1. Computed from the coordinates I sent, semi-axes √(5λ) of the Cα gyration tensor in Å equals one of [x] 32, 18, 16; [y] 55, 20, 15; [z] 30, 17, 12. Tell me the label.
2. Which one of V22, L87, V60 is farthest out on the positive end of the charge dipole of the chain, using unit charges on Cβ (Lys, Arg +1; Asp, Glu -1) and the Cα centre as origin?
3. Taking 0.36 nm per residue of separation and subtracting the Cα-Cα distance, what length does fully extending A115 through S155 add?
4. Please list K116, K84 in order of solvent-accessible area, largest first, computed with a 1.4 Å probe with all protein chains present.
5. Once you place label points 7 Å from the Cα toward the Cβ at D168 and A17, how far apart are they in nm?
6. Could I have the simple spin-label model distance between V31 and N129, label points 7 Å from Cα toward Cβ, reported in nm to one decimal?
7. Give, rounded to the nearest 20 debye, the magnitude of the charge dipole that the chain has about its Cα centre when Lys and Arg contribute +1 at Cβ and Asp and Glu contribute -1 at Cβ.
8. Between T67 and N10, 0.36 nm times their residue separation minus their Cα-Cα distance comes to what?
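The values are calculated or read from the model by the stated rules, or taken from the named source; none is laboratory data. Being a predicted model, the structure only gives us computed values, none of them experimental. All Cβ positions, glycine included, derive from the backbone under ideal geometry; neighbour counts span all protein chains shown. Quick note on the areas: whole protein, heavy atoms, side chains included, nothing else; ligands and nucleic acids left out. Shrake-Rupley method; radii C 1.70, N 1.55, O 1.52, S 1.80 Å.
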Amino acid sequence: KHPSKFHGKNRGMSYWAAANPVPGQPCQKMVFIGTVDGLLHGVDADTGKRCEGFGDHGIVNINQWNTINPKFPFELNQSVAVYKDTLVVGWAGVDWTWEDSPPGSVFGIDARTGAKKWDFQIIPETMRNRIGTANVWASMSVDEKNGLVYLPVSSPENNYYGGDRLEDIPY
């Protein structure tokens, strides 16, 4: 049903387990892996089968949220961070190719359903249509005790002239 092809470029998988598992129900423990075409796969950790209730038959297309300067698809070649029942998803892309590209966004999605709970925008709204990237493409770190996720944010469009960036980008 999905045209995803795994190209072998990935920095890891993530694991989630329900805090209160329902006996006999599938997908109470899940493994997540992304692909370079922006698809996040949710698989039952016990059976290896797709979790049908996660996204569209086990797959969430992260590119559905790529709406500002969508010059290239998001790549999910790093593992997602897991905090309680939320998956924190960053993305990579071919951001060295275009001057204006998608702005850095981090998405929080429901670990069970794949529904988007929130997004965090790294670039201020007033700048998003003309400055892109500042994305999170490397591994994130979760501090469960304090409820924090540390995001290694990249630079905004690092290979192009930045003299028109007259406002601060706080992150």
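1. [z]
2. V22
3. Values: separation 40, 0.36 × 40 = 14.40 nm, distance 2.82 nm.
Separation in residues times 0.36 nm, less the Cα-Cα distance, equals 11.6 nm.
4. Details: K116 80, K84 145 Å².
So, going from the largest accessible area down, we get K84, K116.
5. 4.4 nm
6. Reported label-point gap for V31 and N129 is 4.5 nm.
7. Details: 16 positive and 19 negative charges, 110 e Å.
That gives a dipole near 520 debye.
8. Numbers: separation 57, 0.36 × 57 = 20.52 nm, distance 2.39 nm.
That pair, T67 and N10, stretches by 18.1 nm at full extension.
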